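Throughout, read-outs are computed from the coordinates displayed, never taken from laboratory work. No experiment lies behind these values; they were computed from the predicted model shown. So basically every Cβ, Gly included, is an ideal-geometry build from the backbone, and we count neighbours across all protein chains shown.
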């Protein structure tokens, strides 16, 4: 009697579903995060330019640093638009109930505040640039004027940072309560405003002879 060895073959296994390496949601998330990094970098440049402008010795130097400030500030509207578009796209993928959550409402309020603040500061910046350009036509090497911005203008850049941090905190923690989410943004505004009022004004070198002016 022959001995037969049974040969068994495993049934073909069902294909294992694989998650796409990249999808539109995660691309939007990447852009969302990149906008925050770019905005933070632009903020650092603007703060440096403000400090250098305040310590400039001549009208020409003041105008140069003001141009650096305005050039860096042009990045903010682009970042704000990209942040909102990608954020709305990611929310559209989520459940519809998310749209009424506190962190979404607070984020929308923060965007409106940042947009209004940016328009206000841009208007004041253009007026100051026109003034500096008129002064530079006479003599760019004349002593720099003493720029004394109104308290609101001086405080708004730091307040904007507080608003942005409050919105980012809401986006990460995602509080459902509207009162809690708006309260976080309000705390960011209050803390940054207090810090702006406590910050000493830049001291111009003693060799310069500034003239008092305001913008």
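Note on residue 38 and residue 142: the extension gain reaches 33.9 nm, defined as 0.36 nm multiplied by sequence separation minus the Cα-Cα distance. Any chance you could tell me what percent of the C-alpha pair distances in the range 24-200 go past 24 Å? The proportion of pairs with Cα distances above 24 Å equals 44 percent. Spacing of the modelled spin labels on residue 23 and residue 190, each 7 Å from Cα toward Cβ, amounts to 4.1 nm.
Listed peptides 103-113, 122-132 appear in the order 103-113, 122-132 once ranked by packing, highest mean of other Cβ atoms within 10 Å at the front. Available extension along the chain between residue 119 and residue 85 is 10.3 nm, counting 0.36 nm per residue and deducting the alpha carbon span.
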